[in-house]
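Take a look at the structure below.
FYI, it's all coordinate maths here, none of it is from the lab. Since the structure is predicted, the reported quantities are computational estimates derived from the model, not experimental observations. Neighbour counts run over all protein chains shown; Cβ positions are idealised from the backbone, glycine included.
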Amino acid sequence: MNLVEASGLGKRYGGTWALRDCTLEVPAGHVTALVGPNGAGKTTLLNLAVGLAAPSAGSITVLGGRAAGSPAALDGIAFVAQDTPLYKNLSVADMIYVTRNLNRRFDQEFAQERLAELGIPLKRRSGKLSGGQQAQVALTLALARRPRLLILDEPVAMLDPIARHDFMDTVLTAAADGVAVLLSSHVLAELERAAGYLILLSRGQVRLAGEVKDLLATHRVGSMEELALSYLRQSATGVAR
């Protein structure tokens, strides 16, 4: 089963194509890393996958053929956007209450127990939490929905190294428990230990896709960062296809 499948997918804002002629398959069984420079189309692709935007061209399905943004798709997907979306004036307990009432399925006991383990006070306003704590609250709320697919857009971009490591540990634990993960990030060092499948975007198009171990072996490089930088340089000079 493919977690995400796109064919000729494109998204245009005015006269500018943020994503164009994007054809890809994201297979199940991996943590999938979506990488690329700013403006590559990563956020646009993720927004299309969760139904926050409609394609200008082509099509995209999720979870084995469900239309992106459909009720059947949304019921199985949890999404944490780039800016860690929490209501800053609400307490953590209020965020749990709101999320529980907006979703058909929500494991409140899991959410409360996990936040207690992290030492995050339920009575504290979300806006008074540290960046790492806010990220953990957003991730906990997403996981409490018991999704089949967890989509994360630059989840560790604003975190310090310790908070980043803790966050990724939680993601890996979820993946080990059977949750499929698709995440975009600039922090390739963290993705190196997490991702088994890689998609590289540049200038709104897919430049590279495949299992990380196979790509590293084929291109004879020792790290995901070397591989990505090599392809981005080729893309910048018009060599990559």
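For the range 1-141, a simple Cβ point-charge model (Lys and Arg +1, Asp and Glu -1, everything else neutral) yields a dipole of about 460 debye relative to the Cα centre. Fully extending the segment from Arg125 to Ile162, taken as 0.36 nm per residue of separation minus the present Cα-Cα distance, adds 11.1 nm. Before rounding to the nearest 500, sum -39500 (n - 2.57) across all DSSP H runs of length at least 4 in the chain and divide by the residue total; then give [θ] at 222 nm in deg cm²/dmol. Here the helix-only value at 222 nm equals -11000 deg cm²/dmol. Residues considered: Thr44, Thr170, Thr32. Largest GNM mean-square fluctuation over the chain, using C-alpha springs under 10 Å, is found at Thr170. Modelled spin labels at Ala93 and Thr23, positioned 7 Å past Cα toward Cβ, are 5.5 nm from each other. Mean sequence separation of contacting Cα pairs (under 8 Å, at least six apart), scaled by the length of the chain, corresponds to a relative contact order of 25 percent.
Across the range 28-40, rounded Karplus estimates of 3J(HN,Hα) from the backbone phi angles (6.51 cos²θ - 1.76 cosθ + 1.60, θ = phi - 60°) give 6, x, 9, 7, 9, 9, 10, 10, x, x, 4, x, 6 Hz, Gly and Pro being marked x.
Only Lys, Arg, Asp and Glu carry charge here, each on its Cβ (+1 for the first two, -1 for the last two); on that basis the chain has a dipole of about 640 debye about its Cα centre.
The string of couplings for the range 155-166 from the Karplus curve (6.51, -1.76, 1.60, θ = phi - 60°) is x, 10, 4, 9, 9, 6, x, 5, 4, 4, 5, 4 Hz, one whole number per residue in order, with x for Gly and Pro. Between the alpha-carbon centres of the range 36-80 and the range 199-215 there is a gap of 18 Å. If I build a Gaussian network model for the chain, linking alpha-carbon pairs within less than 10 angstrom, which residue out of Ala195, Ala217, Ala49 has the largest mean-square fluctuation? Of Ala195, Ala217, Ala49, the Gaussian network model singles out Ala217 as fluctuating most.
Taking θ as phi - 60° and the Karplus parameters 6.51, -1.76 and 1.60, the scalar couplings of the range 111-119 work out to 4, 5, 5, 5, 5, 5, 4, 7, x Hz in sequence order, x denoting glycine and proline. Taken over the range 77-146, the alpha-carbon convex hull comes to 74 cubic angstrom per residue. Normalised by the number of residues in the range 102-241, the average gap of Cα pairs under 8 Å and 6 or more apart makes the relative contact order 17 percent. Here the spin labels are modelled as points 7 Å beyond Cα on the Cα-Cβ line, and at Phe110 and Val221 they lie 3.6 nm apart. Taking amide H positions as modeled 1.01 Å from N, with prolines and chain starts lacking one, the residues under 5 Å from Glu154 and 5 or more places away or on another chain are Ser184, Ser185. For the range 116-151, the residues whose amide N sits under 14 Å from a probe point set 7 Å from the Cα of Leu102 along the beta carbon direction are 138-145.
Which label marks the calculated value of Cα Rg over 2.2 N^0.38 Å, given the options (i) 1.01; (ii) 1.37; (iii) 1.09? Among (i) 1.01; (ii) 1.37; (iii) 1.09, the one calculated here is (i). Taking every lysine pair in the chain that is 8 or more places apart or spans two chains, those with Cα atoms closer than 23 Å amount to 4. Residues whose amide H lies under 5 Å from that of Leu19, counting only those 5 or more places away or on a different chain, are Lys11; hydrogens are built 1.01 Å from N in the peptide plane. Comparing Arg148, Arg193, Arg114 in a Gaussian network model of the chain, where Cα atoms under 10 Å apart are tied by springs, the biggest mean-square fluctuation is seen for Arg193. For Val206, the residues 5 or more places off, or on other chains, whose built amide H falls under 5 Å of its own are Thr23.
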